[in-house]
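What follows is a short report on a single structure.
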Amino acid sequence: MKKVVVLTGAGISAESGISTFRDAGGLWEQYRVEDVATPEGYLKDKALVIDFYNQRRRQLATVEPNEGHRQLVRLEKYYDVQIVTQNVDNLHERAGSTNVIHLHGELTKVRSERNPRLISDIGYKDIHVGDLAEDGAQLRPHIVWFGEAVPEIENAANLCETCDYFIVVGTSMNVYPAAGLIHYVPRSSRCWLVDPNAVPISRDITIIKEKAGTGVKKVVDELIAMSEK
Ligand code: APR
């Protein structure tokens, strides 16, 4: 089967009711990144950071995948589909995608602040200062904060190097190394971008200037038609 890699960002979850970061009214208009998405912010006020992710985890329990997520699942019958998401929500998995890499971590997981390998799945529950991992260290959100390593980036780059098709959905391509993944995609691979706004991309790519809920279906329909030729 031919390989499709899909790089997604907050925009694919927008129609599910989850705020993006840099759109008007986005999360970074409500909070300072330094306060809630950096190791320094966490050390300065653990309770504030833990509560920020508790609130987002609680919200995640109340929302559903949207048509954008669901269309990508449809593609799995025809292609080897690998989702590489910057999102920390679990909407790709809940829609039924089977191969999902989370570059920036997962809201439903926490880990020891001392040993990053001690990860546990807490679903949509809160954690608090004083909740400890099995090594006795404080539990922290299993999120990649600005300035922290992105453990999955090499795996994602390898997948991009061998993909036949590459789809970008709902990301402003502002944050590296995720945004740099497009440069690993072979020049011969066909690329699409689904986003209602303009996104600066420096390569030949088919732009679908629509929301994910309708735009992803157009790419999926075209790819399915190509697979049936
Ligand atoms: N459908 C598709 N795209 C949409 C929709 C929608 N309904 N609504 C908004 N968008 C697009 C916006 O036009 C924008 O290009 O989604 C993109 C969202 O961009 P950002 O808010 O910057 O989110 P993202 O690119 O995912 O941010 C990357 O930054 O803060 C960090 O770790 C955080 O993973 C995040 C990373």
Item to complete: Taking the residues in region 91-113 that are within 24 Å of residue 176 (Cα to Cα) and among the aliphatic types (A, V, I, L, M) as candidates, determine which candidate is most open to solvent (accessible area, probe 1.4 Å).
Response: 100
Response to the item:
Here the residues within region 199-209 that are within 16 Å of the ligand (Cβ to nearest atom) and of a type outside the set (Lys, Arg) are 199, 200, 201, 202, 205, 206, 207, 208
Response to the item:
Within region 134-157, residues in contact (Cβ under 8 Å) with a residue 24 or more places away in the chain, in a helix (DSSP H, G or I) and of a type outside the set (A, V, I, L, M) come out as 155
Item to complete: Return a yes/no flag: does region 164-172 have any residue that is within 30 Å of residue 147 (Cβ to Cβ), among the aromatic types (Phe, Trp, Tyr), open to solvent by 80 Å² or more (accessible area, probe 1.4 Å) and modelled with pLDDT of 95 or more.
Response: no
Response to the item:
Residue count, region 158-172, condition out of contact with any Lys or Arg (no Cβ under 8 Å at 6 or more places or on another chain) and in a loop (DSSP other than H, G, I, E, B), comes to 2
Practice prompt. Could you please give the count of residues in region 119-129 that are out of contact with any Ser or Thr (no Cβ under 7 Å at 6 or more places or on another chain) and either open to solvent by less than 30 Å² (accessible area, probe 1.4 Å) or without any contact (Cβ under 8 Å) to a residue 24 or more places away in the chain (or both)?
Written response: 3
Worksheet, complete the sentence: Of the residues in region 210-229, those that are near the ligand (Cβ under 10 Å from one of its atoms) and not small (Gly, Ala, Ser) come to 210, 211, 214, 216
Discussion item. Of all residues being hydrophobic (A, V, I, L, M, F, W, C) and closer than 29 Å to residue 41 by Cβ in region 145-167, which is farthest from the ligand (Cβ to nearest atom)? Just the residue, please.
Written reply: 157
Fill in: Unmet criterion (only one of (1) of a type in the set (D, E, K, R); (2) crowded, with 22+ Cβ neighbours inside 10 Å; (3) more than 13 Å from the ligand (Cβ to nearest atom)) for residue 3
(2)
Item to complete: Restricting attention to helices (runs of 4 or more DSSP H) lying wholly within region 17-110, give those where 1 or more residues are within 26 Å of residue 214 (Cβ to Cβ) and within 16 Å of the ligand (Cβ to nearest atom).
Response: 27-30, 46-60, 67-74, 91-95
Worksheet, complete the sentence: Out of (1) farther than 15 Å from residue 84 by Cβ; (2) open to solvent by less than 50 Å² (accessible area, probe 1.4 Å); (3) within 15 Å of the chain's Cα centre (by Cα), the one residue 179 does not meet is (1)
Practice prompt. Could you tell me whether region 38-54 includes any residue that is surrounded by fewer than 21 Cβ atoms within 10 Å (Cβ to Cβ) and under 27 Å from residue 157 (Cβ atoms)?
Written response: yes
Worksheet item: Any idea which of 196, 116, 186 is over 16 Å from residue 83 (Cα atoms), away from the ligand (no atom under 13 Å from the Cβ), open to solvent by 60 Å² or more (accessible area, probe 1.4 Å) and in a loop (DSSP other than H, G, I, E, B)?
Response: 116
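The values are calculated or read from the model by the stated rules, or taken from the named source; none is laboratory data. All values reported here derive from a predicted model rather than from experimental measurement. Ideal geometry is used to build each Cβ from the backbone, glycine not excepted, and the neighbour counts take in all protein chains shown. Protein only, heavy atoms only, side chains kept; ligands, DNA and RNA dropped before computing areas. Shrake-Rupley method; radii C 1.70, N 1.55, O 1.52, S 1.80 Å.
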